[in-house]
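Structure first, commentary second.
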Amino acid sequence: MTARQPRNSTTIAGFTLLEALVATALMGMILAALATITAQWLPNWNRGIVRVQRDDLVALGLDRLAADLAAAEFIPASRETRKPFFDGANRSVTFVRTALGPNVGPGLQIVRIAEVSSERGPTLVRTQAPFVPMTNDRVQPTFTDPVVLLRAPYRLSFSYAGVDRNWREDWRQQVQLPKAIKLTVRDAATQRTLSISTATLIHAELPVECIVAKSLAECLTSLLQPSPSAEGAKSRS
């Protein structure tokens, strides 16, 4: 009988060169497919992120704008008039409110929110100035601290409503403050009204002297009459 030959224990199992080439080709095809898919959805992803960030900025600007308008106070511009310091137009609004800011002391400030032109298109900017009762010299306030509230391609327009609840595009030289202000946001390119449009109520609608008056109509009518200081100034002249 012949003895069996022992097996070679040094033999190592593995892939052949052909199998390695096939695996490399498959890996390349998978990576190419992933790159193609990524190239297709990545721009859409970026556009979605930009749109979400822009919508957040618009919502933040509208929230600040609504809070500012709601805090408008019934403050006459001078002693010669009893009408409130409020000038509302379709693209701008100017009013008086309690001073607000980290470096602002107690008192009142004039807030102007208006659309200005810039390199990127129409931009809604908030500025402020200390409130000082106007005199005969009519010194215009100096507005500072600009804050951008809304940028292109969005544009904002104001509408004002009184106790009659009828919306109008301006509110000037009125005896009362508007009861509500509507903020309409449109796309500048398509003029489409966006769903983020909103409205806000003004807390102070009447002067202090009319709060306890028995007849609101009589109190408002008396406001149309010249103040005693104005009549005295006319008599002296």
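Each label point is 7 Å from the Cα along the Cα-to-Cβ direction; what then is the distance between the points at residue 187 and residue 81, in nm?
Distance between label points: 4.0 nm.
Starting from the residue with the highest accessible area, list 93, 116 in decreasing order, probe 1.4 Å.
Result of the area sort, largest leading: 116, 93.
Summing Lys, Arg as +1 and Asp, Glu as -1, what charge do residues with Cβ under 12 Å from the Cβ of residue 114 carry, residue 114 excluded?
Neighbourhood net charge equals +1.
Quick check for you: with a 1.4 Å probe and neighbouring chains kept, what is the accessible area per residue of segment 102-172, in Å²?
Heavy-atom accessible area per residue stands at 64 Å².
Could you sort 19, 119 by their accessible area in this structure, using a 1.4 Å probe and putting the largest first?
119, 19
Measuring from label point to label point, each 7 Å out along Cα→Cβ, what is the residue 142 to residue 24 span in nm?
Rounded to a tenth, the inter-label distance reads 7.5 nm.
Keeping every protein chain in place, order 92, 118, 157 by accessible area at 1.4 Å, biggest value first, i.e. largest first.
118, 92, 157
List the trypsin sites (Lys or Arg not before Pro) in segment 41-122 that DSSP assigns to loop (not H, G, I, E or B) and whose Cβ has at most 15 other Cβ atoms within 10 Å. Which are they?
79, 91, 120
The values are calculated or read from the model by the stated rules, or taken from the named source; none is laboratory data. Every value quoted in this text rests on a predicted model; they were computed, and no experiment measured them. When we count neighbours, we look across all protein chains shown, and the Cβ atoms used for this are built from the backbone with ideal geometry, even at glycine. Note: accessible area is taken over every heavy atom of the protein model, side chains too, but ligands, DNA and RNA are not part of it. Shrake-Rupley method; radii C 1.70, N 1.55, O 1.52, S 1.80 Å.
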